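We did not get these values from a lab; they are worked out from the coordinates using the rules stated. All of these numbers come straight from a predicted model, not from anything done at the bench. Here the Cβ positions follow ideal geometry from the backbone for every residue, glycine too, while neighbour counts run over all protein chains shown.
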Amino acid sequence: MTTHMLTVRDARLAVHTRGTGIPCVLLHGFPLDHSMWREQEPLAEHLRLIVPDLRGFGGSAGAVMESVESLADDVPALLDALHVGGPAVICGLSMGGYVAQHVAVRHPDRVAALVLVDTKLEADTPEARAARADLAVKVGRLGQGIVADAMVPRLLAPAAAAAPGRAAIEDVLRSAILAQPIAGIQAALAALAARPDMTEPMAHVLAPTLLVCGAEDAITPPDCLERAEQVMPCARLLVVPGAGHMTPLEAPEVFNRALLEFLQHPPGVGLPGLAGRD
Ligand code: MLT
């Protein structure tokens, strides 16, 4: 990947790119950075991958995340900074999926297709908000290790605990979490707790949408995206056996193939430019 430091609205953001073709923005989950999309690099043979570090994370750690909506407003601005004038495929996992939903609602002209992965439309429950506030205090006192300890076991499918490659995936996730600044983690926890319920707005999104969920996702289980499929007019759901909350890392071949097949044959309108490619 090539790393660019771009001026995006009021911030300097790190954006990683590779490949040519239809632009495809990959938005990472919490509290990670672009490295969680490492298994999607082969997609650069077909797509122009655009993989930002969201505000407060990775190479964008100098910027402060204020809200999920403001992260969504960064997406058209970073496309402009890369001279991508038209719409792009917007793909986000979990927190990135929350951001992608707001891009679809706030900037529909920049969305050629939407891919929502291991995420949900609903806002936090009061219990989830309280847990985030608690974690924000603990990370301030004890450091990022407490977040890694709390999250890494829940991110991956329990059934695959002994699978080959599992330790390497855990290492990728743990290293990414430990590398994130405490202030960025705390700001994101507050922004995630404050995010609105998107069920009603997403019912009006007409972009062709692929919903992907690991069958063993313990954080946003498949019924979250089953509900999304029911309300979204142009959505198709794929549940991936054996994967947890990190489907693109846990089942990369299945995920990458599903993404390309969806772009070749999206529900609703077609996407000229990818049709006919393998
Ligand atoms: C994520 O993976 O981005 C987070 O688990 C999202 C969340 O905490 O809601």
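Assorted remarks:
- Residue in the range 103-155 that is nearest to the ligand (Cβ to nearest atom), counting only those that are assigned to a helix (DSSP H, G or I) and within 22 Å of residue 75 (Cβ to Cβ): 103
To keep it simple, each residue is scored yes or no on (1) within 12 Å of the ligand (Cβ to nearest atom); (2) of a type in the set (A, V, I, L, M, F, W, C).
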position: 76; (1), (2): no, no
position: 82; (1), (2): no, yes
position: 86; (1), (2): no, no
position: 94; (1), (2): yes, no
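- Residue 183 being in contact (Cβ under 8 Å) with a residue 40 or more places away in the chain and within 15 Å of the ligand (Cβ to nearest atom): no
- Evaluation of residue 204 against the conditions (1) assigned to a helix (DSSP H, G or I); (2) away from the ligand (no atom under 14 Å from the Cβ) shows that the sole unmet condition is (1).
- Of the candidates 141, 154, 195, the single residue that is surrounded by fewer than 21 Cβ atoms within 10 Å (Cβ to Cβ) and in contact with a helix residue (DSSP H, G or I) (Cβ under 7 Å, 6 or more places away or on another chain) is 195.
- Residue satisfying condition, being among the hydroxyl-bearing types (Ser, Thr, Tyr), touching a residue at least 24 places away in the same chain (Cβ under 8 Å), touching a Leu at 6+ places or on another chain (Cβ under 7 Å) and crowded, with 24+ Cβ neighbours inside 10 Å, within set 60, 94: 60
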